[in-house]
Ligand SMILES: Cc1ncc(COP(=O)(O)O)c(C=O)c1O
């Protein structure tokens, strides 16, 4: 049994006819959307598009972010702002940053597609109509699919469809108020290498599903495909590059609205179950919301996050951490972000999950609580 983890490509995905216009399915015209290689690639395009405006001051970034992405901002001056327990910007800190005339832009992150950042966008645009607002919706790709107006007042939105779909690569940069700069970059060698690594790792993971749980070969088999997924991941960089032709062909054939609805259903099931079961060590971060989120984010109390995660993994349930602090690197983090980084865990709610896989997850957390 495998629950969560990388989404595997299935060749049947290519058997249907492509949708006539995938950008329209996203609610935007082609001229406002750039399908990039990754979320990082999309951020680079946004920074490049507004280079002149940003060169005269600095950009405000939340201190809780994907650390692997940090280097993409090296071309601009940035300052960090702390987030609260609820993963929103600290009100007072935001108000005081907005008073600085050197502030040229704010980069807001919609964590998991659950942060309700629309009120921050309006506040910033009201108080400082002269500055740029960018939205990082890397974890909220399907929220845009469900509601294309979600961040309509922002100057640019980036996302990472590759996190939601069984594709080797895929990012998105949306410019709601202007046309994208014309870029005619052809797919390069890196895309081909990534496709090959992803497809072989993904087929091995699919094959792994039919192994018996006590098969002695599982360990070696897993270590081979995990190495391939790692190599694939390490090939992402900050360059502005288009999505590969292969990934785009797959995206064009996926019913994104159906996927979004499936995730909302899974999200609500897990939310209701966790509220009614009251598992002591598990504290949901967003209890009032409902969204086609990337995962169902919780805090694991009593310093048990890593042992619970290892226990679940031993049962074939893969829960990501967004984001562990990289070793040996010092980031200027607020207290809340440091604590969060040690407690947060994402329960899988992807398209391969359903009430039965989520019930297994809940059962295993219950078993873990009895053991520890
Ligand atoms: C919030 C956020 N922004 C941006 C990115 C970058 O996306 P990608 O990995 O597709 O470059 C990530 C990746 O994890 C992310 O979590």
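The numbers here are math on the coordinates, done by the rules we state, and not lab data. As the structure is a computational prediction, the values presented were derived from the model and not from experiment. Cβ: placed from backbone, ideal geometry, glycine included. Neighbour counts: every protein chain shown.
Details
- Stokes-Einstein D for segment 189-237, Kirkwood Rh over Cα pairs, 20 °C, 1.002 mPa s (µm²/s): 189 µm²/s
- Using the alpha-carbon positions of segment 238-309, Rg (one decimal) and Dmax (whole number) come out as 17.2, 47 Å.
- Residue 339 paired with residue 279, simple spin-label distance in nm, labels 7 Å along Cα-to-beta-carbon: 2.2 nm
- Panel note: the C-alpha atoms of segment 204-327, placed on their principal axes, show extents of 45, 40, 35 Å (largest first).
- Computed lengthening from residue 95 to residue 258, 0.36 nm per intervening residue step minus Cα-Cα distance: 54.7 nm
- For segment 1-102, the fraction of C-alpha pairs more than 23 angstrom apart is 54%.
- DSSP assigns beta bridges within the chain; of those with both partners inside it, close to 45 percent run antiparallel.
- The protection proxy used here, the mean number of other Cβ atoms lying within 10 Å of each residue, ranks peptides 348-361, 138-151 as follows, highest first: 138-151, 348-361.
- Relative contact order, whole percent, for segment 1-96 stands at 17, derived from Cα pairs under 8 Å and 6 or more residues apart.
- On the beta carbon distance between residue 12 and residue 193, with R0 = 25 Å, the FRET formula returns roughly 0.50.
- Gain upon complete extension [residue 207, residue 366; 0.36 nm per residue less C-alpha separation]: 54.3 nm
- Estimated from helices alone, the mean residue ellipticity of the chain at 222 nm is -12000 deg cm²/dmol (sum of -39500 (n - 2.57) over DSSP H runs with n ≥ 4, per residue).
- Cα-projected label distance for residue 332 with residue 30, points at 7 Å along beta-carbon direction, nm: 4.4 nm
- Computed over the alpha-carbon pairs of segment 256-371, the distance histogram in 10 Å steps reads 13, 45, 32, 10, 0 percent, short to long.
- Sites residue 122 and residue 71, calculated FRET efficiency, Cβ-Cβ separation with R0 30 Å, nearest 0.05: 0.45
- The Cα atoms of segment 88-178 cover 44, 28, 21 Å along the three principal axes, with the biggest extent listed first.
- Net lengthening on full extension, residue 51/residue 224 (0.36 nm per residue, minus Cα-Cα): 58.1 nm
- Between the alpha-carbon centres of segment 102-159 and segment 1-65 there is a gap of 14 Å.
- FRET efficiency estimate (nearest 0.05) - Cβ-Cβ, residue 288 to residue 1, R0 56 angstrom: 0.95
- All-pairs Cα distance distribution in segment 13-174, expressed in whole percent, bin size 5 Å: 2, 8, 18, 23, 21, 14, 7, 3, 2, 1, 0
- Global form of the chain, assessed from the alpha-carbon gyration tensor, a/c cut-off 1.5: oblate
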